[in-house]
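Taking it in order: structure first as structure tokens, then the write-up.
The values are calculated or read from the model by the stated rules, or taken from the named source; none is laboratory data. Not measured: the values here are computed from a predicted model. Here the Cβ positions follow ideal geometry from the backbone for every residue, glycine too, while neighbour counts run over all protein chains shown. For the accessible areas, the whole protein counts, side chains as well, though only heavy atoms, and no ligand, DNA or RNA atoms are used. Shrake-Rupley method; radii C 1.70, N 1.55, O 1.52, S 1.80 Å.
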Amino acid sequence: MGGAMPEPGETHLMHRSLVFQPHKVASASGFELTLDNGRKVIDACGGAAVACLGHGNEEVATAVYEQIKQVGYVHTQAYTTQVAEELADLILDGSPFGLEKAVFLGSGSEAVEAALKLARQYFYEKGEHERLHIVARQQAYHGNTMASMSVSSNLARKLPYQGFCYPHTSTVSPAYTYRYQRPSETEAQFTDRLVAELDAEFNRIGPHRVIAFIAEPVVGATAGCVPPPVGYLRGVKALCERYGILLILDEIMCGSGRCGTFFAFEPEGVEPDIVTIAKALGGGFAPIAGVVMHRKVVDVLRQGSKAFVHGHTFQAHAISCAAALAVQKIVRRDGLVERSAAMGEILGTLLRQELAQCRSVGDIRGRGLFWAVEFVKDKATKEPFDASILYGPKVQEEAFERGVAVYPGHGTIDGTAGDHVLIAPPFTVDESTLKKVCELLRDAILAQEAVFLA
Ligand SMILES: *Cc1c(COP(=O)(O)O)cnc(C)c1O
């Protein structure tokens, strides 16, 4: 080594926290992480619902290696590559749901940023220049860059940047049944109330000033795998069409097969105008995200400036595209989207069985291999734990100590109160691994209950 380190215990790498030292992973293979101290941990969340094929896939490794030898990088201003073309073809074969083109970028935030710009350019081309406003939902996450952060509601991540965001945004209520459906309401009435609220919000701003409504079909990390109430997205889409407002669905976490269909919106019976995808697209083997565009949007560009006025040096990067293409070919060849749906049913059943005895488990919800457990201090009243306890992160730490990695969530209900953990195993997971995950999670929850519900 030699040379001084920044502060005792620190390294030159800027971690997320200056105090918490992340675990060093020496190797990762299949469902398992091996830490540099030799400890093994089952990865039941694939990082942040990323690793859809698990770790260390030989076929993907070979594809990436071969691509580097073939053509590693070219600039998209002048060039394209076979892998980038094939990846777009594979995802959009037959233009499903009217979705016609994809642009590939390096991260989810970049994809959301590009989606918002595309939506704005769409109206610019149409001469509707006064459209500048974006409506999002509370308890949603869309990214960490300026505009994507502006439409996100993760309070802790936004705190230092008040006044530093894109100003023309507002939010409506989350479509979060367990917390926000009133006891006096049916699910359909809850949906109607949410759609009416969005209608009122569009009208408050002036519908002719609104670019888009952006939402996660199944809310990811912020509120924990929240599927929409019945008919919600259909209602939202009808409203957007009435006013000519675009519907952007952020499927960065819930999409690409994670929820048991390739697009998470598929069961909802809607055609979104723009979709963002990322996490399970490349399975974490390379950084890659996508913005997928409906024919309606592309047509306006065709008739207008004939370009998407947006670009990055690393867009459609051949190595990232090669990794994602290899992942998506395996997903299709091995029927892994269907497997995500089937194993998801099993995971849901196992979670309900194993956690039945846990007094702090208020709700178990999810779709495909995308599940969350929401914690409460009192099941009957749904009262959350004192926020300062950080119960969700405590359960996650306890589970990690016992050998299973789940993704922690805190501020589940409103950004401050509420706790959950998220389980998002690889699509290749088997039943015995799922059983082990659920048992270890149960033990971790019981251990925390012994402390906080004693
Ligand atoms: C992770 C995530 C993002 C941001 O993606 P990054 O790659 O972290 O920039 C955006 N939207 C949703 C729904 C996400 O889950």
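Quick notes on this structure:
- In a residue-by-residue description of region 209-221, the property of being part of a helix (DSSP H, G or I), open to solvent by less than 10 Å² (accessible area, probe 1.4 Å), over 19 Å from VAL112 (Cβ atoms) and in contact with a strand residue (DSSP E or B) (Cβ under 8 Å, 6 or more places away or on another chain) applies to no position.
- Taken over region 1-37, the criterion of being polar (S, T, N, Q) and surrounded by 10 or more Cβ atoms within 10 Å (Cβ to Cβ) is satisfied by THR11, GLN21, SER27, SER29, THR34.
- Check on TYR232, more than 11 Å from the ligand (Cβ to nearest atom), modelled with pLDDT of 95 or more, open to solvent by less than 10 Å² (accessible area, probe 1.4 Å) and more than 30 Å from GLN67 (Cα to Cα): yes
- Test: residue in region 174-185 that is open to solvent by 50 Å² or more (accessible area, probe 1.4 Å), aliphatic (A, V, I, L, M) and either under 18 Å from LYS237 (Cα atoms) or at pLDDT 95 or above (or both): no
- Condition met for ALA326 (open to solvent by 10 Å² or more (accessible area, probe 1.4 Å), within 16 Å of the ligand (Cβ to nearest atom) and modelled with pLDDT of 95 or more): no
- Counting the residues of region 411-423 that are open to solvent by 10 Å² or more (accessible area, probe 1.4 Å) and touching a His at 6+ places or on another chain (Cβ under 8 Å) gives 0.
- Unique match (being in contact with a Gly (Cβ under 7 Å, 6 or more places away or on another chain) and under 29 Å from PRO408 (Cβ atoms)) among ALA264, ALA215: ALA264
- Taking region 297-323 as the range and being of a type outside the set (A, V, I, L, M, F, W, C) and open to solvent by 20 Å² or more (accessible area, probe 1.4 Å) as the test, the residues that pass are ASP299, ARG302, GLN303, GLY304, SER305, LYS306, HIS310, GLY311, HIS312, THR313, GLN315, HIS317.
- Matching residues in region 127-153 - criterion: being open to solvent by 40 Å² or more (accessible area, probe 1.4 Å), over 11 Å from SER109 (Cα atoms) and either within 12 Å of the ligand (Cβ to nearest atom) or in contact with a helix residue (DSSP H, G or I) (Cβ under 9 Å, 6 or more places away or on another chain) (or both): GLU128, HIS129, GLU130, LEU132
- The residue list LYS329, LYS394 contains one member that is part of a helix (DSSP H, G or I) and either without any contact (Cβ under 8 Å) to a residue 12 or more places away in the chain or within 22 Å of the chain's Cα centre (by Cα) (or both), which is LYS329.
- Any hit, region 255-276, residues being away from the ligand (no atom under 14 Å from the Cβ), at pLDDT 95 or above and part of a strand (DSSP E or B): no
- ARG120 of a type in the set (D, E, K, R) and either under 17 Å from the mean Cα position of the chain (by Cα) or in a helix (DSSP H, G or I) (or both): yes
- Of all the listed residues (GLU374, GLU397), the sole one being surrounded by fewer than 18 Cβ atoms within 10 Å (Cβ to Cβ), of a type outside the set (Lys, Arg) and at pLDDT 95 or above is GLU397.
- Pair list, Cβ under 9 Å, 6 or more apart: region 264-282 residue β-branched (Val, Ile, Thr), other residue away from the ligand (no atom under 11 Å from the Cβ) and part of a loop (DSSP other than H, G, I, E, B): VAL275/PHE263; VAL275/PHE265; ILE277/SER256; ILE277/PHE263
- Hey, ALA84 within 16 Å of the ligand (Cβ to nearest atom), under 30 Å from LYS296 (Cβ atoms) and buried (at least 23 other Cβ atoms within 10 Å of the Cβ) or not: no
- Selection from region 242-254 of residues that are away from the ligand (no atom under 13 Å from the Cβ) and either open to solvent by less than 10 Å² (accessible area, probe 1.4 Å) or touching a Lys or Arg at 6+ places or on another chain (Cβ under 7 Å) (or both): ILE245, LEU246, LEU247
- Residues (under 17 Å from the mean Cα position of the chain (by Cα), among the aliphatic types (A, V, I, L, M) and assigned to a loop (DSSP other than H, G, I, E, B)) located in region 128-176: ALA140, VAL151, ALA175
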